[in-house]
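Q: Here you go, one structure.
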Amino acid sequence: MKTNYIKSGIILLVVAVFAGCQKYEDGPLISFVSKEKRISNTWIVEKAYADNVDVTNDYDQYELYLASDGTAELNANYTVFGATYVDKTNGTWNFTNDKENILINYSDDSQDAEYKILRLKEKELWLQEVGKDLELQLREK
């Protein structure tokens, strides 16, 4: 009988600890890989929403590279009147707000932004731009 109480107590403790480990509202619940390692990747936009409208086509040619040393690179291809243009800008990134946000600071200041991290997995990164209604759901390239 005592053994059952001890097992139940241990199970409740483990559940309580893991429930408190979730940093981002969309997950993951727990990860043994550091946030820095999970965010360091080459990302492409899988889905994009502005004011709850699907604007994925506006971002389908974006590629974001975040390196573990804090450097960032954004490559975007634009097609205007049949001609394709490549826009490439380098910069830096760092976590802010107790690692709940990411600030990306590019040499092209018009691209600078801070995002709330909604989900951070090794192959998924969901971001919501702070102060705007833009959500980007990125996946590993």
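Q: So residue 69 fits all but one of (1) free of Cβ contacts under 8 Å to residues at least 12 places away in the same chain; (2) in a strand (DSSP E or B); what number is the exception?
A: Only one criterion in (1) free of Cβ contacts under 8 Å to residues at least 12 places away in the same chain; (2) in a strand (DSSP E or B) is unmet by residue 69, namely (2).
Q: Taking interchain pairs and intrachain pairs at least six residues apart, which have beta carbon atoms under 7 angstrom, with the first residue in the range 79-97 and among the small types (Gly, Ala, Ser) and the second outside any loop (DSSP other than H, G, I, E, B) and surrounded by 10 or more Cβ atoms within 10 Å (Cβ to Cβ)?
A: Correct list of pairs: 91/72; 91/104; 91/105; 91/106.
Q: Could you tell me which of the residues 90, 105 is out of contact with any helix residue (DSSP H, G or I) (no Cβ under 7 Å at 6 or more places or on another chain), farther than 15 Å from residue 129 by Cα and in a strand (DSSP E or B)?
A: Working: 105 fails: farther than 15 Å from residue 129 by Cα.
Going through 90, 105 in turn, just one is out of contact with any helix residue (DSSP H, G or I) (no Cβ under 7 Å at 6 or more places or on another chain), farther than 15 Å from residue 129 by Cα and in a strand (DSSP E or B): 90.
Q: Tell me which residues, restricted to the range 31-78, are among the polar types (S, T, N, Q) and over 17 Å from residue 126 (Cβ atoms). Before the answer, list the steps.
A: The first filter runs over the range 31-78 and keeps only residues among the polar types (S, T, N, Q), leaving 31, 34, 40-42, 52, 56-57, 61, 68, 71, 75, 77.
Those that are among the polar types (S, T, N, Q) and over 17 Å from residue 126 (Cβ atoms): 34, 57, 61, 68, 71, 75, 77.
Q: Scan the range 93-102 for residues that are over 20 Å from residue 139 (Cα atoms) and outside any strand (DSSP E or B) and jot them down. Walk me through it before giving the result.
A: Pass one, the range 93-102, residues over 20 Å from residue 139 (Cα atoms): 96-98.
97, 98, listed by residue number.
Q: Continuing with this model, one more query. Filter the range 79-115 down to the residues that are of a type outside the set (S, T, N, Q), surrounded by 12 or more Cβ atoms within 10 Å (Cβ to Cβ) and either closer than 30 Å to residue 32 by Cβ or at pLDDT 95 or above (or both) and list them by number.
A: The answer is 91, 93, 95, 99, 100, 102, 103, 104, 113, 114, 115.
Q: Determine whether residue 58 is assigned to a loop (DSSP other than H, G, I, E, B) and within 20 Å of the chain's Cα centre (by Cα).
A: Spelling it out, it is not the case that residue 58 is assigned to a loop (DSSP other than H, G, I, E, B) and within 20 Å of the chain's Cα centre (by Cα).
Q: All but one of (1) closer than 15 Å to residue 138 by Cα; (2) surrounded by fewer than 16 Cβ atoms within 10 Å (Cβ to Cβ) hold for residue 41, so report the exception by its number.
A: Condition not satisfied by residue 41: (2).
Q: Please indicate, with yes or no, whether at least one residue in the range 31-54 is more than 15 Å from the chain's Cα centre (by Cα), within 26 Å of residue 95 (Cβ to Cβ) and at pLDDT 55 or above. Please lay out each step first, then the result.
A: Let us first name the residues in the range 31-54 that are more than 15 Å from the chain's Cα centre (by Cα), namely 32, 50-54.
From the residues that got through so far, the ones that are within 26 Å of residue 95 (Cβ to Cβ) too are 32, 50.
Checking the rest, the ones that are also at pLDDT 55 or above come to 32, 50.
The answer is yes; a qualifying residue exists.
Q: Just to be sure I understand, how many residues within the range 92-132 are hydroxyl-bearing (Ser, Thr, Tyr), touching a Leu at 6+ places or on another chain (Cβ under 7 Å) and farther than 19 Å from residue 45 by Cα? Don't jump to the end; show me each part of the working.
A: First, pick out the residues of the range 92-132 that are hydroxyl-bearing (Ser, Thr, Tyr): 92, 96, 106-107, 110, 115.
Restricting the remaining residues to those that are touching a Leu at 6+ places or on another chain (Cβ under 7 Å) gives 96, 106, 115.
Of the ones still in play, those that are also farther than 19 Å from residue 45 by Cα are 96.
Number satisfying all stated conditions: 1.
Q: Would you pick out the residues in the range 116-132 that are under 21 Å from residue 76 (Cα atoms) and either surrounded by fewer than 14 Cβ atoms within 10 Å (Cβ to Cβ) or under 8 Å from the mean Cα position of the chain (by Cα) (or both)?
A: 123, 124, 125, 126, 127, 132
The values are calculated or read from the model by the stated rules, or taken from the named source; none is laboratory data. Because the structure is predicted, anything quoted here is derived from the model rather than measured. Glycine also receives a Cβ, built like all others from the backbone with ideal geometry; neighbour counts cover every protein chain displayed.
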